[in-house]
Amino acid sequence: MKTFTTPRFLAALALCGVALTGCGSPYDSGARAGSGALIGGGGGAAIGALAGGGTGAAIGALAGAGTGAAVGAATTPNRPRNGY
């Protein structure tokens, strides 16, 4: 029986998450938090799957998503001023 924690599936899931992060606004803290959660969750799931298997992938995804959301929201730049 195949599971959804195979390295190939998790790599494809992480790639989809990274592709979707380009849709977020760089000046909206909520969008940056969502983008960070996708990147962190995908990366954490991939690392967890390689390091610990099925349960490690879930733990890595949760930890990565939480960290990515926090860092994404905290690093929101100010919107540039229009004009010279």
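Values in this text are rule-based calculations from the coordinates and carry no lab data. Only a predicted model underlies this, so the values are computations on that prediction, with no experimental measurement involved. Quick reminder, even Gly has a Cβ in these numbers, built from the backbone with ideal geometry, and neighbours come from all protein chains shown.
Phi-derived couplings, Karplus 6.51 cos²θ - 1.76 cosθ + 1.60 at θ = phi - 60°, listed residue by residue for segment 41-56: x, x, x, x, 5, 5, 5, x, 5, 6, 8, x, x, x, 5, x Hz, with x used for Gly and Pro. In terms of packing, defined here as the mean over residues of other Cβ atoms within 10 angstrom, the peptides 59-66, 43-50, 73-80 line up highest first as 43-50, 59-66, 73-80. Each helix, a run of at least 4 DSSP H residues, gives -39500 (n - 2.57); summed and divided by the residues of the chain, these come to -24000 deg cm²/dmol at 222 nm. Over the chain, the ratio between the Cα radius of gyration and 2.2 N^0.38 Å evaluates to 1.27.
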